[in-house]
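Each remark here refers to the structure printed beneath this line.
The values are calculated or read from the model by the stated rules, or taken from the named source; none is laboratory data. No experiment lies behind these values; they were computed from the predicted model shown. Backbone-built Cβ (ideal geometry, glycine too); neighbour counts: all protein chains shown.
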Amino acid sequence: MKRDWVILVCGAAAIGALGWSGDNYFIRLLTILCMYATLAQSWNFIGGFAGYPSFATAAFFGLGAYTSGVLQNQGLPILMCWGLAGLCAAVFAVLIGGAILHLRGHYFAIATLIIAEMLREIVNTTPNLTGGGMGLNLPILRISVDVQSRVFLLAMLVLAVVTTAAAILLQRSRLGFGLRCIQQNESAASILGVNAYQYKTAAFGMSAVFVGMAGAIYASWVNYIEPPDVFDILIAVKPLVMVLLGGIGTIFGPIIGAMVLLALEELVWRNFLTVHAAALGVIIILLVLFLPNGLFSLLKDLSAKRAKQ
Amino acid sequence: MSREWTSKLLTRFAIAGAILGSAVVAGQAQETIRVGAPLPMTGPLAPEGAKQKKGYDLWAETANAKGGIKANGKTYKVEIVYFDYASNTPRAVQGAERMITEDKVNFLFAPFGSGASKAASSVSERYGIPTIAATASSAEVYDQGYKFLFGTLTPNETVTEPIANIVTSKNKDVKKVAILARNDLFPLAVAQQMEKSLKAKGMEIVAFERYAIGTMDHSAAVTQMRAARPDWVYATGYVNDLILIRKQMNELGLRPKVITMVAGPAYREFAEATGPLGENISSVAWWHPAVRYKGKDVFGTTEAFNKAWDAKYKGEADYAEASAAAAGAILQLGIEKADSIDPKKVRDALASLDVETFYGKVKFGPSGQITSLEPPVFQLRGGKTVVVWPEAVKQGELEFFK
């Protein structure tokens, strides 16, 4: 556990230092990395620890983005809006979780899949509040480009660190233990006295709060949001792929997965002008086929081998 | 064996030499103006992206063939840097930043459509890079007080007022209008503008339906509209939506006196896909090959532009293609006027531009959107477009369904 904290602090410091000295595009990439690390880490709470495959990430992200956008346009201070966006996403997750968390496996996945669609339609049909299909403008920060890019990197980095800290705490806690029991055998866990329903709802809420805040920061960062962008299904799928890539149910797996997937994406995007989507798909399939337990397991295997020798 | 090896080695040297050589050539030709163009080359907006690319390519080719752009006592070649954002707006924004910071583009063309242009313009505004939007017409795109964004399509009311005037003045029996709009920035904004223009004329709006992006069945909306018995159906969307709506209107027996669709009928694909069903559909476009202007830009007259287009791509350009070519031509006029490639100076030159081009008169309003175009109204007849307004370029009269 102590080692986890050390890695977290060193990693965050490294990203911060890299960002401080890099150019603005590099900072943008790091900001995206921190954002997806937050999303992947959050997905891991419900998908990794509890074993409930959720596609609701896009819903929480969009909800956070729109909550913060609408509130900022009412004149509320930006940090307060970000916080309220997280709170709103968590409350929403707990309420909706109460309704769908009794579903298991594929049924749960499908139920979460439609949450984003539902929210997207609600946003579309309330143009007076949210701008509807015309999108929503956010107040632009009148500070220099260089400062702005660093401010948003810092915000996303702090969020990613907090999310990872939550994962470290969760792993050793009673809640984390209960969730792992649920993942292995929910019926048995119930018999042993784990209140599965409460535990799952808590995990679902945890998987929403940081995603909502990430959505809020994202909205302030890009200044303009529209429903197809923030409720994009890819926002739900990519974190899942990242966790699978990095190592499901681990602390640093989601972050490694986010790094690898985004680096691959950027490389492929640069080098194949038109077939990037196909090339990326092939790479992901190969990785999942040959490394079913994620890259993190590879590191573990290596260190185990070395220990034997 | 060893000979084979030697020849392999030689080939490698040759390739390396060629790469080095080209690098040296690139090094010599330093005087290049690089323009970034994030485009949806893949994904649902790919057809629209291809149109924009054709326009930019023709401009770059024409400008280079005529000796490049002259400014600051130097001659610059034009190079367009493309980036595929896969019809995904956040990618377009990311691409815009990458082009500015890494590819060091001097200027930018905005991505396709109002929404993405608006999103990407926040990046170019932060960096102070003049950006020309060839396919963003909604006033909402330009309402943020940005200084570096310019648009080559006039505000939506310029495409709703003329047709409202013509229809109401020619046929007093047309009183009830049904509107069907795609829930997306431009199509929804233009439909709302149309509603305003029609209400101002005392027309009755009997239905106003919205459909989601990617809708594959309009039968519910069309049936509801049929129940309201409209004289005029006004539908907005992009070409694939409108083809489907026209077909379903026919199947479900919705037969008004006037059908107007924006912005599909201007494209050849629409006439080809609807066939006889396309007959008499009216529409508005920001530009039409039948207009005649004597331009001071790199293309010259409208006839000369049509000829250049036909020579490269065969056939006629539609408004989106012409607007993309015009975006390039206008940027060139701005650079030449500023006599510099300094972004700030070019921005000021663009803002004060007042000149005729093959595309029409070019003058930008205070928000950066062009104010000087007269978008022609036209009607499909026998698979061809017939311009019915403005008077100067008129090819026929507006006809009504019997």
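Looking only at the range B:182-206, which residues are in contact with a Lys or Arg (Cβ under 9 Å, 6 or more places away or on another chain), touching a residue at least 12 places away in the same chain (Cβ under 8 Å) and more than 9 Å from chain A (Cβ to nearest Cβ)?
Scanning the range B:182-206 gives B:Ala191, B:Met203, B:Glu204, B:Ile205, B:Val206.
Only one of B:Lys201, B:Lys147, B:Lys118 is over 30 Å from B:Phe83 (Cα atoms) and among the basic types (Lys, Arg). Can you tell me which?
After ruling out the rest, the residue left standing is B:Lys201.
Among (1) surrounded by 14 or more Cβ atoms within 10 Å (Cβ to Cβ); (2) free of Cβ contacts under 8 Å to residues at least 24 places away in the same chain, which single condition is A:Asn293 missing?
Single failed check for A:Asn293: (2).
Go through the range A:124-150 and give me each residue that's surrounded by 15 or more Cβ atoms within 10 Å (Cβ to Cβ) and more than 10 Å from chain B (Cβ to nearest Cβ).
First pass over the range A:124-150, keeping only residues surrounded by 15 or more Cβ atoms within 10 Å (Cβ to Cβ): A:124, A:127, A:130-138, A:140-141, A:145, A:148-150.
Hits for the range A:124-150 are A:Thr130, A:Leu136, A:Arg150.
Just give me the residues in the range B:101-116 being more than 13 Å from every other protein chain (Cβ to nearest Cβ) and in a helix (DSSP H, G or I), in sequence order.
none
Quickly run through the range A:42-83 and pick out the residues that are among the aliphatic types (A, V, I, L, M), assigned to a helix (DSSP H, G or I) and touching a residue at least 60 places away in the same chain (Cβ under 8 Å).
Keep residues of the range A:42-83 that are among the aliphatic types (A, V, I, L, M), which gives A:46, A:50, A:56, A:58-59, A:63, A:65, A:70-71, A:76, A:78-80.
Remaining after also requiring assigned to a helix (DSSP H, G or I): A:46, A:58-59, A:63, A:65, A:70-71, A:78-80.
Within the range A:42-83, A:Ile46, A:Ala58, A:Ala59, A:Leu63, A:Ala65, A:Val70, A:Ile78 qualify.
For residues in the range B:196-217 being of a type in the set (Asp, Glu) and either assigned by TED's automatic domain parsing to the domain that holds B:Asn88 or more than 18 Å from A:Thr125 (Cα to Cα) (or both), which is surrounded by the most Cβ atoms within 10 Å (Cβ to Cβ)? Step through it out loud before you land on a result.
If we filter the range B:196-217 for residues that are of a type in the set (Asp, Glu), which is where we start, we get B:204, B:209, B:217.
Filter again for either assigned by TED's automatic domain parsing to the domain that holds B:Asn88 or more than 18 Å from A:Thr125 (Cα to Cα) (or both), leaving B:204, B:217.
Values: B:Glu204: 12, B:Asp217: 10.
By that ranking, first place goes to B:Glu204.
Given the options B:Ala311, B:Ala320, name the one that is in the same structural domain as B:Ile132 (by TED's automatic domain parsing), within 30 Å of B:Ser352 (Cα to Cα) and not polar (S, T, N, Q).
B:Ala320
Can you spot a residue in the range B:129-142 that is closer than 23 Å to B:Pro44 by Cβ, of a type in the set (D, E, K, R), at pLDDT below 90 and not assigned by TED's automatic domain parsing to the domain that holds B:Met194?
Within the range B:129-142, one or more residues are closer than 23 Å to B:Pro44 by Cβ, of a type in the set (D, E, K, R), at pLDDT below 90 and not assigned by TED's automatic domain parsing to the domain that holds B:Met194.
For the range A:248-307, which residues satisfy the criterion of being within 23 Å of B:Gly43 (Cβ to Cβ) and of a type outside the set (A, V, I, L, M)?
A:Glu265, A:Glu266, A:Trp269, A:Arg270, A:Asn271, A:Phe272, A:Thr274, A:His276, A:Gly281
If I go through the range A:99-153 residue by residue, how many of them are small (Gly, Ala, Ser) and touching a strand residue (DSSP E or B) at 6+ places or on another chain (Cβ under 7 Å)?
1
Looking only at the range B:325-373, count how many residues are of a type in the set (Phe, Trp, Tyr) and either free of Cβ contacts under 8 Å to residues at least 40 places away in the same chain or surrounded by fewer than 24 Cβ atoms within 10 Å (Cβ to Cβ) (or both). Break it down stepwise before answering.
Keep residues of the range B:325-373 that are of a type in the set (Phe, Trp, Tyr), which gives B:358-359, B:364.
Next cut, either free of Cβ contacts under 8 Å to residues at least 40 places away in the same chain or surrounded by fewer than 24 Cβ atoms within 10 Å (Cβ to Cβ) (or both) only: B:364.
Number satisfying all stated conditions: 1.
So that you can scan it fast, the table gives a plain yes or no per residue for (1) under 30 Å from A:Ile233 (Cα atoms); (2) within 13 Å of another protein chain (Cβ to nearest Cβ); (3) part of a strand (DSSP E or B); (4) more than 19 Å from the chain's Cα centre (by Cα):
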| site | (1), (2), (3), (4) |
| --- | --- |
| B:Trp59 | no, no, no, no |
| B:Gly67 | no, no, no, yes |
| B:Val81 | yes, yes, yes, no |
| B:Pro90 | yes, yes, no, yes |
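If we only count helices (runs of 4 or more DSSP H) wholly inside the range B:168-259, which ones have 1 or more residues that are over 30 Å from B:Gly43 (Cβ atoms) and out of contact with any helix residue (DSSP H, G or I) (no Cβ under 6 Å at 6 or more places or on another chain)?
The qualifying helices (runs of 4 or more DSSP H) are B:185-200, B:219-227.
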